């Protein structure tokens, strides 16, 4: 929990998670490779980032002989979703949702991700149906994917 509105979650004064004995437990709890939110409730005062693949759509390419756009079966646009859930008490204190989303975007947007490609922000929006006591924000990144 933040002490006040000026208590930066990224402050070098805070403990480095790599120095904690239970770091694997913490990482597993707050970073999930699925849309896991069933265990978020008013008593659980923490934040979580869920990441998972989204829709995949074939890219269009111009076919000279047919003189029209056609689906290119070899290249697709792949969406990767990042859902950020923040407990309202934490967000009320230091606007943590904004901190997390801005940092996530700095890490991912226009960056080469190994074995995936370059991520570009496709869209972002608030999440409507969040667990009680949480607010959420979806950030969707798109990359080209070869078949």
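The values are calculated or read from the model by the stated rules, or taken from the named source; none is laboratory data. Remember, predicted model here, so these are calculated numbers, not experimental data. Here Cβ is always computed from backbone atoms with ideal geometry, including for glycine, and neighbour counts include all displayed protein chains.
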Positions within the range 101-118 being under 12 Å from the mean Cα position of the chain (by Cα) and either under 17 Å from residue 58 (Cα atoms) or surrounded by 15 or more Cβ atoms within 10 Å (Cβ to Cβ) (or both), in sequence order: 101, 104, 105, 108
In the range 87-99, the residues that are touching a residue at least 60 places away in the same chain (Cβ under 8 Å) and in a helix (DSSP H, G or I): 89, 90, 93, 94, 96, 99
In the range 1-41, the residues that are out of contact with any strand residue (DSSP E or B) (no Cβ under 7 Å at 6 or more places or on another chain), assigned to a loop (DSSP other than H, G, I, E, B), within 26 Å of residue 130 (Cα to Cα) and modelled with pLDDT of 80 or more: 38, 39, 41
Residue count, the range 100-147 (criterion: more than 30 Å from residue 71 (Cβ to Cβ), assigned to a strand (DSSP E or B) and without any contact (Cβ under 8 Å) to a residue 24 or more places away in the chain): 1
Residue that is closer than 20 Å to residue 9 by Cβ, surrounded by 12 or more Cβ atoms within 10 Å (Cβ to Cβ) and touching a strand residue (DSSP E or B) at 6+ places or on another chain (Cβ under 8 Å), where the choices are 86, 75: 86
